[in-house]
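Novice: I have a structure here, written as structure tokens, and I will follow up with some questions on it.
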Amino acid sequence: MSEGIVFYTRRGCHLCEELRARLRACGVDPDGWAVRDVDHDPELRALFGRRLPVLTIDGRVVCEGRPDDETLGRLLPLLDRVGGTDADRGEAR
């Protein structure tokens with residue numbers, strides 16, 4: 001079974017909020033994604049610790065920390081393929 005897009009975060013993570021804002025500015029709607037707070041799961045906290053935010057698609061890490069513009073540009077087509085952008089809903093970016 002496909003996990004889809006998962007956003008790993010923690011409460012008060014300014015980098016996480018910054019990434020969400022950057023993605024929205026690119027036409028991506030992260031509100032429909034699964035969100036996992038690493039501080040509520042010791043295993044996730046051990047796995048991701050200070051690497052947040054982490055974004056996975058089907059269990060594979062595709063982005064972590066503060067991505068540069070080039071990395072973000074490579075990420076957008078991946079999100080398109082799994083239904084994570086406004087273009088998938090027929091909306092203009």
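Novice: Which residue pairs have Cβ atoms under 6 Å apart, sit 6 or more places apart or on different chains, and have a first residue in segment 57-73 that is closer than 14 Å to residue 20 by Cα and a second that is aliphatic (A, V, I, L, M) and part of a helix (DSSP H, G or I)?
Specialist: Listed pairs, sorted by first residue: 63/75; 66/15.
Novice: Still on this structure, I have one more. Could you tell me which numbered condition residue 81 fails, if it satisfies all but one of (1) at pLDDT 90 or above; (2) more than 11 Å from the chain's Cα centre (by Cα); (3) closer than 16 Å to residue 5 by Cβ?
Specialist: Tallying (1) at pLDDT 90 or above; (2) more than 11 Å from the chain's Cα centre (by Cα); (3) closer than 16 Å to residue 5 by Cβ, residue 81 fails exactly one: (1).
Novice: Return only the number of the condition from (1) among the hydrophobic types (A, V, I, L, M, F, W, C); (2) surrounded by 14 or more Cβ atoms within 10 Å (Cβ to Cβ); (3) modelled with pLDDT under 90 that residue 52 does not satisfy.
Specialist: So residue 52 meets the others, but not (3).
Novice: If you go through segment 55-70 one residue at a time, how many are part of a loop (DSSP other than H, G, I, E, B), touching a helix residue (DSSP H, G or I) at 6+ places or on another chain (Cβ under 9 Å) and at negative phi?
Specialist: Final tally of qualifying residues: 2.
The values are calculated or read from the model by the stated rules, or taken from the named source; none is laboratory data. All values derive from a computational prediction rather than experimental measurement. Virtual Cβ from ideal backbone geometry, glycine too; neighbours counted across all protein chains shown.
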